[in-house]
Amino acid sequence: MRRTTFCIGSLLLLALTAAGQLNKTTKIHHASYPPPLTGTLTNPVWRDASIFTTFHTVSPEPGKKPSERTAVYLLVDNDNLYVALRMDDRQPRAILASATTPDGLNADDWAAICFDTSGDHRSAVVFQVNPAGIQANGVLGASGKLTRTAEVPWKTVARRVPTGWIAEISIPLSSLGIHNLSQIEMGFKVIRHIGRNSEVSEGPAAWAESPATLAQMQRIKLYAEE
């Protein structure tokens with residue numbers, strides 16, 4: 001397996017270590033049917049999603065209100081975790097999405113979904129996507145080193161819209177190392193990068209002055225359908 005340190009690694013570590021502790025654990029709603037991936041967020045199934053909208057900047061200046069709004073939608077069934085990301089942008093023509101391979105993602109607009117699936121606060125599984133649907137995955141260590149791992153199954157449809165861009169994602173639970181969905185609790189975080197001004201924001205979280213660790217992530221619970 002080839003190990004590569006991405007530029008995104010330092011950004012992700014900074015984002016993950018700038019958040020305050022969130023004590024509330026959110027139960028992720030079950031999808032009544034698998035949402036079709038269209039990049040539009042128009043399918044009615046997303047109305048049942050758990051939604052997170054609290055983001056703050058990490059760089060260039062931490063703890064500020066982001067220049068653009070981000071909303072995260074989560075659903076789960078017994079086989080997959082479904083994520084939709086709505087990245088509003090008042091300058092949609094300035095959105096950057098020139099990368100054609102994972103190695104070129106860092107200068108683009110992108111979003112990265114991070115999961116501390118083991119609950120050990122030492123690493124996070126990362127899924128990164130840009131507005132053109134170019135995707136990459138890896139593991140972020142507590143040191144800030146993001147190591148690209150072998151590709152695992154997951155699907156993305158991303159689309160520019162008049163208000164910004166949207167990505168709809170399906171991640172098999174097996175790609176998260178989850179093989180028995182009875183009751184799973186783990187950490188969750190989304191990082192957003194706006195290429196034109198190098199703004200990095202993260203959430204859902206509340207900013208705190210003191211640095212935190214990978215433990216300071218939104219806690220979510222996944223349940224098997226009864």
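Annotations
- Positions within region 136-152 being under 17 Å from Leu105 (Cα atoms) and outside any loop (DSSP other than H, G, I, E, B), in sequence order: Ala136, Asn137, Gly138, Val139, Leu140, Leu146, Thr147, Arg148
- Cβ-Cβ under 8 Å pairs, at least 6 apart or on other chains, region 37-58 side within 25 Å of Tyr223 (Cα to Cα) and aromatic (Phe, Trp, Tyr), far side surrounded by 19 or more Cβ atoms within 10 Å (Cβ to Cβ) and at pLDDT below 95: Phe52/Val190; Phe52/Gly203; Phe52/Pro204; Phe52/Gln218
- Note on region 153-204: among residues that are outside any loop (DSSP other than H, G, I, E, B) and of a type in the set (Ser, Thr, Tyr), the one that is farthest from the chain's Cα centre (by Cα) is Ser174.
- Any hit, region 104-120, residues being free of Cβ contacts under 8 Å to residues at least 24 places away in the same chain and touching a strand residue (DSSP E or B) at 6+ places or on another chain (Cβ under 9 Å): no
- The residues of region 88-107 that are out of contact with any Leu (no Cβ under 7 Å at 6 or more places or on another chain) and at pLDDT 90 or above, listed by number, are Asp88, Asp89, Arg90, Gln91, Pro92, Arg93, Ala94, Ile95, Leu96, Ala97, Ser98.
- Any chance Lys64 is free of Cβ contacts under 8 Å to residues at least 12 places away in the same chain and at negative phi: yes
- Scanning region 108-157 for residues that are small (Gly, Ala, Ser) and either modelled with pLDDT of 90 or more or in contact with a Cys (Cβ under 8 Å, 6 or more places away or on another chain) (or both) returns Ala111, Ala112, Ala124, Ala132, Gly133, Ala136.
- Residue ranges of strands (runs of 3 or more DSSP E) in region 1-74 with at least 3 members modelled with pLDDT of 90 or more: 50-52
- Any hit, region 73-86, residues being crowded, with 19+ Cβ neighbours inside 10 Å, free of Cβ contacts under 8 Å to residues at least 40 places away in the same chain and within 12 Å of the chain's Cα centre (by Cα): yes
- Selected residue (only one of Thr26, Thr40, Thr70, Thr117 is of a type outside the set (A, V, I, L, M, F, W, C), surrounded by 14 or more Cβ atoms within 10 Å (Cβ to Cβ) and in contact with a Pro (Cβ under 9 Å, 6 or more places away or on another chain)): Thr26
- Asn137 vs. criteria closer than 20 Å to Ala71 by Cβ and free of Cβ contacts under 8 Å to residues at least 40 places away in the same chain: no
- Of all residue pairs spaced 6 or more apart or on separate chains, those with beta-carbon atoms under 9 Å, a first member in region 180-205 that is within 20 Å of His30 (Cα to Cα) and a second member that is part of a loop (DSSP other than H, G, I, E, B) and acidic (Asp, Glu) are Leu181/Asp77; Leu181/Asp79; Leu181/Glu225.
- Check on Asn130, out of contact with any Pro (no Cβ under 9 Å at 6 or more places or on another chain) and more than 20 Å from Val72 (Cβ to Cβ): no
The values are calculated or read from the model by the stated rules, or taken from the named source; none is laboratory data. Just so you know, these numbers come straight off a predicted model, no measurement behind them. Because the Cβ atoms are built from the backbone with ideal geometry, glycine has one as well, and the counts that use them run over all protein chains shown.
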